[in-house]
Each structure stands twice: as structure tokens, then as C-alpha cells.
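Worksheet: the structure to be examined is printed underneath.
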Number of protein chains: 4
Amino acid sequence: MKVGFIGLGAMGSAMASNLVAAGYQLTVWNRSDAAIEKLVSLGAKAVRTPDRAAQGDVLHSMLANDHAVREVLLDGGVLDAMDPGTVHVNHATISVALARQLQEEHARRGLAYVAAPVFGRPDVAAAGKLNMLVAGPSAAIEKTTPLLQAMAGKLWPMGEAPERANVVKLAGNFMIVTAIESMAEASTLARAYGVGAAEFIELMTSTLFASPVYQGYGKAMAEQRFTPPGFALPLGLKDVMLAQEAGFAEQVPLPLAGVLRDSLLEALADGAEGMDLSALARVSARRANLDQRSKD
Amino acid sequence: MKVGFIGLGAMGSAMASNLVAAGYQLTVWNRSDAAIEKLVSLGAKAVRTPDRAAQGDVLHSMLANDHAVREVLLDGGVLDAMDPGTVHVNHATISVALARQLQEEHARRGLAYVAAPVFGRPDVAAAGKLNMLVAGPSAAIEKTTPLLQAMAGKLWPMGEAPERANVVKLAGNFMIVTAIESMAEASTLARAYGVGAAEFIELMTSTLFASPVYQGYGKAMAEQRFTPPGFALPLGLKDVMLAQEAGFAEQVPLPLAGVLRDSLLEALADGAEGMDLSALARVSARRANLDQRSKD
Amino acid sequence: MKVGFIGLGAMGSAMASNLVAAGYQLTVWNRSDAAIEKLVSLGAKAVRTPDRAAQGDVLHSMLANDHAVREVLLDGGVLDAMDPGTVHVNHATISVALARQLQEEHARRGLAYVAAPVFGRPDVAAAGKLNMLVAGPSAAIEKTTPLLQAMAGKLWPMGEAPERANVVKLAGNFMIVTAIESMAEASTLARAYGVGAAEFIELMTSTLFASPVYQGYGKAMAEQRFTPPGFALPLGLKDVMLAQEAGFAEQVPLPLAGVLRDSLLEALADGAEGMDLSALARVSARRANLDQRSKD
Amino acid sequence: MKVGFIGLGAMGSAMASNLVAAGYQLTVWNRSDAAIEKLVSLGAKAVRTPDRAAQGDVLHSMLANDHAVREVLLDGGVLDAMDPGTVHVNHATISVALARQLQEEHARRGLAYVAAPVFGRPDVAAAGKLNMLVAGPSAAIEKTTPLLQAMAGKLWPMGEAPERANVVKLAGNFMIVTAIESMAEASTLARAYGVGAAEFIELMTSTLFASPVYQGYGKAMAEQRFTPPGFALPLGLKDVMLAQEAGFAEQVPLPLAGVLRDSLLEALADGAEGMDLSALARVSARRANLDQRSKD
């Protein structure tokens, strides 16, 4: 089976590596060259234009956002270059509006479209342990399951409509940002009473909230170590806004998302563009003017 | 050492039982008789008035809320009846305003005051595995540590000011309610796109949010089983409002708490008084008018 | 008719002056002496204790808040000192909880209780042009109407239950604070695009929002003149919280009030304790970090 | 001077009529024919394609939203058909993103671009009393001022950057929707205490809030008359979202806008698509479950 892979950022590179490691003959393309070398050294074949990566049986793509997906796959002519019957597996976190459009664009060209966004950071991707949401036509999913299994710790089937996988990804990221804002506000309250943030977070994340999300972001918050970003704050805002758009499209109010949006925006206005989502703690602390007090 | 215990609700009863089991000579009092029998059968001694439970070396109390604490301990004369030097360990979830007042009331009478609120439900209390926050004068804490260890899986020292333990308890409960509202909104969004609530929650609580709080309330939400309540919705609202009061007292804005308060109030207005906190899912679904659609 | 007046702050003093000017024989009391002199010079009689001001046919009171009302009227024994049949007209902005309690306390003592909170600042009070909400037993209202008319530009009957007048006062103040926050956020948005706050506010308050509230607070905001306060920011927060309490008591969610509460709290944390409500503009500007930009 | 006018909805039609009445030679185009007849009967000349309306010295356009502006002016080739030096005055309420794009598109073609959005309903437009915000190159504004004065009661200069007029329009509409939500919440609170909505709104809008916005929407709310819409609820949501986008682009948090968005979305989910913005009162009442009580 000939397989293509477009988009070799931190995530895409780790995922593609696992396909090569599983023995697949992989053709790869990336906008910049840096990431390609590593894949080539592992045995992948590099091509100069993305449409050439789309000439096989299956194309995987892991592009950064709606804009990149539109630019490369639609405007860049990749879909136009694919043979009918080819399967495209899109791993990107995109809007449900684009998900719906992509479904139509593939159908019109006789292409099979599978949405397979993932939960997990680059190190989880490298270990092949991603949680992967999978939605699309069952025949296409069946055909690509071995590929997906080479990259994921677990596959979560979400039915035939690709947008379902996308909305679940957005809903999950919305829950992640809420969890972080919740720790930010709660630890600010504790600090105002003289309880150290590290102390408070240690307690919470080793008892009630002993789960990866709380522990990961909680640690960064406790140590006030906001760079380099694990999950960059502007990307978190982007995902919250995509969740709001998905809510708008189906008339679902999301009151928590409104709070998150404003806190994230306030963080950006205060210079957190290059920081991790855990920098939401800075916003809470500033609102309470904690640093001007002698506490904590 | 003579030990008293006031307040034998589901939590207090389980905690007191562990003191008896650890070999302490326990004198107990409760407003209603029902709960007393069990303790007496285990070996505790029952008294008719709460002040008589306060005649020993240490008094534990686990009363329902600010009102009950004021009524029994302050207005009811229990503190007035205690000998100077006696230690009072208060396990209740109370406001920081009352925590501050109690500290003064004890100090004025020469009594030692320890705040020791707990995280955990009655079954955890029965197993002696509570997470217990402990704040107060170090001598008093040292003296009572064996008692506390008989009831708790782990003690979390919070310094000398009792209010610190109380604010941490409130901050923790605020995080719990936020987590539930977050699942409610996110699963409503997923449902609007045809993804079942159970399916969505199973995914989230076995991956990113694999922690007790999400799993417990998530299960109730997935099964739409809101009675009998594990954590009664009106009590959740009470705790969110206590967190807001604590925020007000120290000028700490808590934007998420504002959202929680309104969602909980809306739940109550819709008849959820006897339901579990997970009934927040009903509010989200009603806002999106999910039940009038043909989805999920 | 013998009339008493308790509470001679800026508002009470102006109102009492109008009663004297209308020819009533007025007995006055105030906690501090300063305000009394002016009334005495106009012809009122000063007494040393508040209960003595309550010996006539009608007692008016204009105390600062719940605490002052409880302290002077309930704990201070004023109600206990009043003869059955006496009418008490309470002009203070108080909680509906206290309104309900006062109704009971008066009924138990055979006293007639009228709630008559007002809209208007001291200068409006001095001009006798207050808008006065009036609720209570019709006989008592009939008896006191000439007195009320001496102080008010217009009386707004609100039925027999005193709490109705109080909740309308709170709902009105909630609308006032919302209007101010709305101008604060909107003018911050305009400023971020290079439109001056004064320019924007001039436009809005001379067209769509050409009403006293917008014009008054808008002017202060445009001139960034936040002291001395017309409506002190901490009092605005108090009233928003009373509106929230009133909402809680009858299960009415007030999402806007949650936003107001947090913005006001943030203002206080940033040192606005002695400022006017229009200082909400500082909070909006700080969130957007406007002063660190070169705009406006 | 030859003048064109594109977009003859209720607003555009009234505005164009005033240009004809002022003696201008007007060439008009509209997507549907209905509105054209009236203008022709007044003396305007109708053309079959929009580019032909753009052949004069000045082109006015009053299209419904971003989509219509893009479709007609950009994709439809109108700008491409205009001669260098022609002035285009855009009266539509559009996003600041599109405002910025339009500025570039005009500059690239050597066209002068003036943004001139308006406040006022069709009846105000018909009376020539609109408040018109005007931003653009001073020469173009000078040239078109007589035209603008024929349509507006007052011109409000906003500088050279067209986007400034657009953001002020959005900020103003954001204030309008906030005012309506504020009345909705406040009157729901009053109703829960037995005060009629009409009674409450009459009080507020004849005293503190005696301005057009409150009086207009307040009347609809008091009478629970939500159709036909004066300001259609979905358009209000659109404008709130445009204000949020404008806030996002310049990192300005707008906490009130988050509340508005969710209330409007909840209204839509409950079937208010064809209703007026004042139907926000239905949402507040439903949240408090007012209709299931026996009150009001």
C-alpha cells in the first residue's frame, strides 16, 4: 500500500515516523525542509509538491489549522490531483464548518474522507499512544485501520459523519482549557489567603484531580514556568473559538467558553503570546492584584 | 484521652466510627437519635446535650453548614461550656467569615481551634481514607494527629490560620463544580452533532480526565441518573456561593463561579432541588433545546 | 402630625430638609452631630437617642445599609420603643431578606411598615424631585402620602408587600451598573481602534442613550474623573450583590450580574475603593492593556 | 454629479429616496425588483447590473452584511468596474476585518473609500434624521458631505481610517443589546417578586432610562409583543459576534458580549428566529421558570 503524509510539524513528524516504523512505504511533504530530513533518514521518500504525496492509496494530513488545510489541500490543488477512490485521513483540529465543506469537496471528487483528530502531545505521538477519534465511511475506515493503529494507542469510532470527530476534539479541548482556568482561579483564591499555589495544586492533582491534564498544566502553574509552551496559549484561544463556532452553528450556548475566551484574550493583551495555556494563572493573579500584596 | 463528637450525619457517623474502632473513648451527640444508635452499638457513649460531648480533651464536630455551626456551637453554648485548653477540631465546610469568627471566639475563651475539612464521600470516610486539610496551632495539631490519622488517608497541613483549610476546601469544591459544568456543556455540544453523551463522556473520562471527580459525575451524567444525589445540587450551589464570598472578602474575582452560580440556580428553578450536581447536564441540554430536536 | 427622621447622610439630610420646609414638626437623630446642625437651623428638633425620634405618628429612616438598619432599628431598640399604630417609612436600599424580616418585626409589634426607597442623587433629593417607590399597607401609605410628596417628584406605588419596592430598587441599580459597564467595555473597544473615549461617549449619550444615567456616568468616564465618587464603587458592588441575593432567594439567574460583580471586584483590587462607579472604565482598559499601547 | 445606489432594503430605500428628493440624479440597483419601482417612481434610474450603478462620481451601497458586500462588490466585479477617483460610500454594518480589506481593495484600484454606517431605523431614515458615522479620506468626505447631509440628521466624523466608523457602529449595537438584556434580567427579577413587567419597565424608561433604546425595546417587552421584529434577533447576534471579532483582532476582552451571545443563542434555540431582540425577555423568564409559577 502506498501512503502519503502531508504536514510534518512536531505532531505530524512523530506520527509519520510510526508509519515508517510499521513498515509502510511513505511519501512525505512538508512546507519547510527541516522536518523532512528526519523522515527520509528513517526511510520515507520526500517529494517537492504536496500533490505528489497524494498519488498513493491513502493520504494522511496533519496541517496546523483551517487556513493551512484550505491553502494546501483546496487552493493548492491536492484534492484535485487525487485519483477517485483514494482515502484521505485528516488528523488536523479544524472547524466543523471546514469539516462539512471538506466532506462535500471529497464526495464531489469521488474521494473517501476520514476525520481522525487526536488527543496527545508530541511525546505521546512518538510513543504511538495517541487517542484517535475516527469518523468517516466504514469501508475507508476499515481500509486504514492498520495505519491508524500504527499511530494510536486507541481508536475511538465516532460514526460516519466526519464532523463528529472534529466536534468531539473541540469539545475535549474546551474541557482542557476550562480545567486550566479552573486551577488558575482556584489557586488565586487560595493564594489570597496565604496558601501557596504549589501547595494547593499538589493537593488537588494528587487527589480529586489526579489526571494527566490537571497534573501537566498544574505543574507548570505551580512552578510559574510558562515557556516554552506545551499547548501554546494562542492555539488554545483558537480552539475555544472553534468550539464557540460549533456551538453557534447548532445553537448550543457555552457559557464557560465565554469566560475562557476573555481570559485568554486578556492573557494575550498582557504579552502571553509565546506562553503556555497555564499562563492563565497570570491573568487570575493580576485581576486580584496578588503581586501588589505581600502574600504568597 | 476523652474525645467528643458532635454531628453524626452520613459523614460524621463514618468518621466517628473510625475513632471508636481506633480505640478512643468517644462521647457523641446528634440532633436526631437515629444516627446515635449505631455509634452506641460500636461502643460510644451518647449524651443528651452537645455541651456534655465537649467536656473531654478534644471535641470533633461535623455539622452541616454555617447555620448549624452557629446554632449549636455558639448560640447553643457549647464553646462556653468547654474548659480552657480543650481542643476543638471542626471538620465542617464553612465560610471563611465564620472561620475567622470561630478563631476569635475560641481564642477569647482560651480554647484551641483546628479546622480540618475533608474531601471524600461517606464511603471514603467509612474506609478511613479521607483527604483531610488541617490548619491551626501546631501544638493542637500535634496533640490531635493520632485522632485525625484514624479518620484520614492523608493529612494535608495548611499552616496555623484555620481559615486556610476552609478556603482550600471551598476552592476544591469550586473546581469540582466547574468540572461538572464543563462536562455538561461539552457533552451537550457533542450531542447536538449526534454524538451520544455516554460515548463522549466515556472517551473523556478514560483518557484526559481519568480522575475520580470526572468519572463519578460523568457516569451519572451519561446514565442521566440524577437521583439519589451523591453531592446534592443545592449544597453545590451553597459551596460556590461560599467561594464567591471568600473571593469577595479578599477581592478575588472568580468569573467561572458566576457561570456556575447561574447554571445551578437555573437547575433549581427547573426542579432539581433533590438531584445530584450532575443534573447540570439538564440545564445545558435545555438551553440548546436538545430534547425538542430529533438528535441523540 | 409629629414626624421623626433617623439617618441624616447626604440623602437623608436633603429629604428631611424638605419635610421641614413643608411645615412638618420634625424630630431628628443621626449617629454623628455634623448633619444635625443644619436641620436644627432649619427648625427641626434634635434628640440624643434614636428611639426618641420614634415617638411621633410617623418615623422616616434613611440608613446606609442592612447593617446600619439592623443595628439602629432592631438591636438598638427603636422598633421596641414605638407605639402600636405608628407608621415607619424606610427609605434605605436594603436586601429583600431584611425587607421580609422587617415586615415581620413590625407586624409582630403592631407597627405599620412602608418601604419607600428612592432613585436620585443628593441634588435631586434637595430639589424634592426623587422618584420614590412605595410599598406597604394602603392605610399607612395614604396617611404618609403628603409627607412622601414633600420629598419626591413622583411616587411609584408597588403594592402592599414592602419587599416589592426593595427589589425594584435593586433591579434598577443593577441596570445602572450594567449601563456603566457597557459604556466601559464599548469605549475600550473603540479606543483600541483609535477612537477617543470622549468622542465615542459624546456620540452615544447624545443619540441612542440620551438619558440621565448614561450622560452622568459617561461624562465622568470621558473625562477620566473618578473622584470624588457620585455613586461610590463599593456601594455599587454592594447593590449588585443584593440583586444577586434577591435572585438567589427566588431562583432567578442574573448572568449580567456575575460579570458586574467580577469587574467591580477587580476595580477594588486595583485600588478603586474611593472612586466612582465610572472607574469600571479603568478595569476594561487594563484588561485590554490599553495604556501600554500608543493608542488614544 | 452622477450618483449610484446599491442595496434598496428598508434602510437603503429610505436613504436613496432622500437623495432623489434632494435633487440628485440617482442610478439604482437592487437584487430583487420590488424595491426598485418606488425609487423609479420618484425619479431614479434603474439598471440591471450593479456595476452600471457604479459608473458615476459617487457610489453609495447599503448591503445587508459581510457576505452580501463580498458577493456584490468584490466577487461581483463592481469595484473592478469603477473608474479611478470614484468615491464609494459604504453604509453597511460590516466586520472590521472586511472594513480593512475593503480599504486595501479600494486603494489598490485608486478608488476613494468612505465608511458611513448609520444608527436609526427605517422610519428615522425616511425622515432624513439618521446619525451617520463617517470615516475616510478628507477629500472624499468633503466631496460627499452634501449627499450625506441629505440622508442624515447629523454626521459624526470618525477620522481617516474607515474601520473606525465600523467599530463605533459595532460598539453601539453592542450597547443596545446589553441594554435589552439588562431590562430582560431586571424585569424577570421584579416579576419573580410579583411586580409586573410593564409596571417595572414603565418606571425605568420614564426615569433613569428615558432614552430611545430603552423605551422602544422596553415597550415591546412590556407588551410581550416580539413580532414583527424591529431589530431581528439573529441580526443582533450577528452584530454581537462582530463586536467580539473586533475585540479579538485588537485583544479587547468584552465579558458582557459573552453573556449576550449565549442569551441570544438560547433564544434562537427556543424558536425566536423571527422575533425582535426584545424576545431576550423570554430567555430570562424561562431560566427562572417564571411561567410555571403563578406569579405575574
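The values are calculated or read from the model by the stated rules, or taken from the named source; none is laboratory data. On a predicted model such as this, the values are computed, not experimentally measured, just so you know. All Cβ positions, glycine included, derive from the backbone under ideal geometry; neighbour counts span all protein chains shown. Heads up: the accessible areas ignore ligands, DNA and RNA and are worked out on the full protein's heavy atoms, side chains in. Shrake-Rupley method; radii C 1.70, N 1.55, O 1.52, S 1.80 Å.
Details
- For A:G271, inter-copy separations between label points set 7 Å beyond Cα along the Cβ vector come to 1.9, 5.4, 5.5 nm, shortest first.
- Note on A:R100: accessible area approximately 80 square angstrom, rounded to 10, probe 1.4 Å, nucleic acids and ligands left out.
- D:V58 - accessible surface, heavy atoms, 1.4 Å probe, Å² rounded to 10: 0 Å²
- Fraction of accessible area attributable to carbon and sulfur, segment B:178-231 (%, probe 1.4 Å): 54 percent
- Three-way shape call for segment B:2-160 based on the alpha-carbon gyration tensor, with the a/c threshold at 1.5: rounded
- All Cα pairs of segment D:234-275, percent lying beyond 16 Å: 34 percent
- Helical contribution to [θ] at 222 nm, DSSP H n ≥ 4, -39,500 (n - 2.57), averaged over chain A, rounded to 500: -16000 deg cm²/dmol
- For segment A:122-178 versus segment C:84-122, the gap between their alpha-carbon centres in whole angstrom: 64 Å
- Positive minus negative residues near C:G136 (Lys, Arg vs Asp, Glu; Cβ under 12 Å): -1
- Segment C:46-102: proportion of alpha-carbon pairs further apart than 14 angstrom, %: 53 percent
- Calculated P(r) tail over 28 Å for chain D, as whole % of Cα pairs: 41 percent
- Between the alpha-carbon centres of segment C:235-296 and segment D:9-80 there is a gap of 45 Å.
- Over segment D:167-292, Cα pairs under 8 Å with separation of 6+ residues give a relative contact order of 36 percent.
- Peptide A:266-277 has a mean shielding of 3, counted as Cβ atoms of other protein chains within 10 Å of each residue's Cβ.
- Helix D:212-222 axis versus longest C-alpha principal axis of chain D: approximately 50°, rounded to the nearest ten.
- Taking a sphere under 15 Å around the Cβ of C:K2 and counting the other residues whose Cβ falls inside, with K and R at +1 and D and E at -1, yields a net charge of 0.
- Once the Cα atoms are used to define both axes, helix A:233-249 deviates from the longest principal axis of chain A by about 70 degrees.
- For B:T27, the residues whose modelled amide H falls within less than 5 Å of its own, excluding neighbours fewer than 5 places apart on the same chain, are B:V3, B:G4, B:F5, B:K45.
- Amide H contacts under 5 Å for B:A22, placed H, 5+ residues apart: none
- Excluding ligands, DNA and RNA and using a 1.4 Å probe, chains A and B jointly bury around 5300 Å² of accessible surface, summed across both partners.
- Working note: Karplus 6.51/-1.76/1.60 with θ = phi - 60° gives segment B:166-180 the couplings 5, 5, 5, 4, 5, 5, x, 5, 4, 5, 4, 5, 4, 4, 5 Hz, where Gly and Pro are set to x.
- Looking down the axis that turns chain C into chain D, the chain C residue with its beta carbon nearest that axis, and the gap rounded to whole angstrom, comes out as C:S211, 2.
- Note that segment B:190-200 has calculated 3J(HN,Hα) couplings of 4, 4, 5, 9, x, 8, x, 4, 5, 4, 5 Hz, one per residue in order, obtained from phi through the Karplus relation 6.51 cos²θ - 1.76 cosθ + 1.60 (θ = phi - 60°); glycine and proline are x.
- With DNA, RNA and ligands ignored, accessible area of B:I94 (1.4 Å probe; Å², nearest 10): 0 Å²
- Assigned charges on the beta-carbon of Lys, Arg, Asp, Glu; the protein assembly as shown dipole about Cα centre (debye): 0 debye
- Remark: segment D:251-296 carries a charge dipole of roughly 200 debye about the Cα centre, counting +1 on each Lys and Arg Cβ and -1 on each Asp and Glu Cβ.
- Backbone geometry of segment A:16-27 corresponds, through the Karplus equation with coefficients 6.51, -1.76 and 1.60 at θ = phi - 60°, to 3J(HN,Hα) couplings of 4, 4, 5, 5, 4, 4, 7, x, 6, 7, 10, 10 Hz, x marking Gly and Pro.
- Projected label distance in nm at A:D33 and C:K38, using a 7 Å step from Cα toward the beta-carbon: 8.3 nm
- Two-site FRET efficiency, C:A21 against B:E245, from Cβ-Cβ distance with R₀ of 45 Å, rounded to 0.05: 0.55
- Using alpha-carbon coordinates, inclination of helix D:255-269 to the longest axis of chain D, degrees: 80 degrees
- Across the identical copies, how the D:P157 labels are spaced - nm, sorted shortest first, 7 Å along Cα→Cβ: 5.5, 6.9, 7.1
- Dipole magnitude for segment D:167-292: computed about the Cα centre from +1 point charges on Lys and Arg Cβ and -1 point charges on Asp and Glu Cβ, it is near 100 debye.
- Computed on protein heavy atoms with a 1.4 Å probe, the accessible areas place B:K219, B:K129 in the order B:K129, B:K219, largest first.
- Mean projected area of the convex hull spanned by the Cα atoms of segment D:167-292, taken over all viewing directions: 7.5 nm².
- Amide H contacts under 5 Å for D:V134: D:W156, D:M158, restricted to partners 5 or more places along the chain or on a different chain, H placed in the peptide plane at 1.01 Å from N.
- Average accessible surface area per residue within segment C:19-138, 1.4 Å rolling probe, Å²: 42 Å²
- Within the shell defined by Cβ-Cβ distances under 14 Å, the residues around D:R100 carry a net charge of -4, with Lys and Arg each +1 and Asp and Glu each -1.
- Label-point spacing for D:D80 across the identical copies (point 7 Å from Cα in the Cβ direction), in nm and ascending order: 1.7, 9.1, 9.2.
- Kirkwood Rh in Å, taken over all unlike Cα pairs in the protein assembly as shown: 32.9 Å
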